[in-house]
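Everything on this sheet refers to the single structure shown next.
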Amino acid sequence: MPPFGPMYCETPGLLSGSFPEEPWNAISSGVIVLYGLLAWGLTWRHAPRAVEFHALSLLLALNGIGSVLWHGLRTGWALSLDVQPALIFLLLMALLWAFRVLPWFLALGLIAALIATPFLAWALMPAGQPILVRGAPMLIGLLLAGGLLVWRTVGLSRGAAAFGALSLGSAIAALSFRSIDPMTCKLIPFGTHFLWHILLSTAAFAGFLALLHLKPGALKGAGLWPFAGRAPAPAT
C-alpha cells in the first residue's frame with residue numbers, strides 16, 4: 001500500500017509490510033535511544049532526586065523507540081510515538097533552561113515565542129512553499145532563542161554554556177540535513193534524514209548536559225535583565 005505521512009528519500013513507493021521499511025532511518029534512530037539511556041544513567045549518578053532529569057531521559061529514549069518504529073513500520077501510531085515525546089522533551093528542556101538563566105517574565109515570553117513561531121510560519125506562508133522556505137522562520141527563531149540562552153549561560157557556568165553551544169550548533173546542522181533530504185535523493189539514495197537523527201539527538205543530549213551543569217537558582221544575584229546586573233563567578 002502507499003506510504004503514510006512524511007516522505008523521505010528512503011521511503012519506498014509501496015510499503016512491503018516487512019520491518020524495516022526504511023533501514024537507514026530506522027537504524028540511525030537507535031542512536032536516540034542510546035542517548036536517552038546514557039542520560040538516564042547520568043541522572044541516577046549525579047541527580048537521582050531530580051524528577052525533571054528522569055523525565056527528560058525517558059522522553060528522549062521513548063522518542064528514539066518511536067522513531068525506530070515509525071521508520072520501520074510507517075504507521076500512524078508509530079509516528080505519534082515518534083513526534084509527541086520529542087515535542088514534550090523540547091518544551092520541557094526549553095522551560096528548564098530558560099527559567100534557570102532568565103527572569104520568569106522573559107522566560108515565559110521566550111517559551112511563548114518558540115511555541116507560536118512554527119504555527120505562524122505555517123499559517124501565514126502560502127501552501128506549496130519548499131520546506132527550506134517554510135522552515136526558515138523556525139530556524140531563525142531557534143538561532144535567536146538558543147543564542148540568547150547560551151549567552152546568558154556564559155556568566156553562570158562556562159561548562160553549561162559550552163554544552164549549550166554544542167546543542168545549538170548540532171540542532172542547526174540537524175535541521176539543515178533534514179531540509180535538504182528531498183534534494184539529495186539522486187545523489188544519495190537513502191538521503192540525509194539519518195543525519196537528522198544523529199545530530200538532533202546529539203543536540204538533545206548536549207542540552208541535557210548543559211542543564212546538569214546549570215544548578216537551579218544560578219540566576220540569583222545575576223541581575224534582572226540578560227544585559228544588566230552583575231553575574232556571579234563562573235562555575236567550574
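The values are calculated or read from the model by the stated rules, or taken from the named source; none is laboratory data. If you're wondering where the values come from, they're calculated on a predicted model, not measured in any experiment. For neighbour counting, all protein chains shown are included, and Cβ atoms are generated from backbone atoms with ideal geometry for every residue, glycine included.
Whether a residue is assigned to a helix (DSSP H, G or I), over 21 Å from V101 (Cβ atoms), without any contact (Cβ under 8 Å) to a residue 40 or more places away in the chain and in contact with a helix residue (DSSP H, G or I) (Cβ under 7 Å, 6 or more places away or on another chain) was assessed, and L199 passes this test. Residues that are free of Cβ contacts under 8 Å to residues at least 60 places away in the same chain and touching a helix residue (DSSP H, G or I) at 6+ places or on another chain (Cβ under 6 Å) are absent from the stretch 4-18.
Restricting attention to the stretch 59-79, the residues that are polar (S, T, N, Q) and at pLDDT below 95 total 1. Checked against the criterion of being part of a helix (DSSP H, G or I) and either within 18 Å of L200 (Cα to Cα) or modelled with pLDDT of 95 or more (or both), the stretch 97-110 has at least one qualifying residue.
Check the stretch 161-175 and report whether any residue there is assigned to a loop (DSSP other than H, G, I, E, B) and more than 18 Å from A26 (Cα to Cα). Taking every residue of the stretch 161-175 in turn, none turns out to be assigned to a loop (DSSP other than H, G, I, E, B) and more than 18 Å from A26 (Cα to Cα).
Is it the case that M138 is within 19 Å of the chain's Cα centre (by Cα), more than 19 Å from L214 (Cα to Cα) and either at pLDDT below 90 or not polar (S, T, N, Q) (or both)? So M138 fits the description; yes. Tallying residues that are part of a helix (DSSP H, G or I), among the charged types (D, E, K, R) and closer than 30 Å to P189 by Cβ within the stretch 3-62 yields 0.
Restricted to the stretch 111-134, and to residues there that are within 20 Å of F89 (Cα to Cα) and crowded, with 16+ Cβ neighbours inside 10 Å, the residue that is modelled with the lowest pLDDT is T117. Within the stretch 163-183, the set of residues being surrounded by fewer than 18 Cβ atoms within 10 Å (Cβ to Cβ) and over 11 Å from L195 (Cβ atoms) comprises G169, I172, P182, M183. Entry remark, the stretch 40-84: residues being farther than 27 Å from E10 by Cα and either surrounded by fewer than 23 Cβ atoms within 10 Å (Cβ to Cβ) or not aliphatic (A, V, I, L, M) (or both) number 18 in total.
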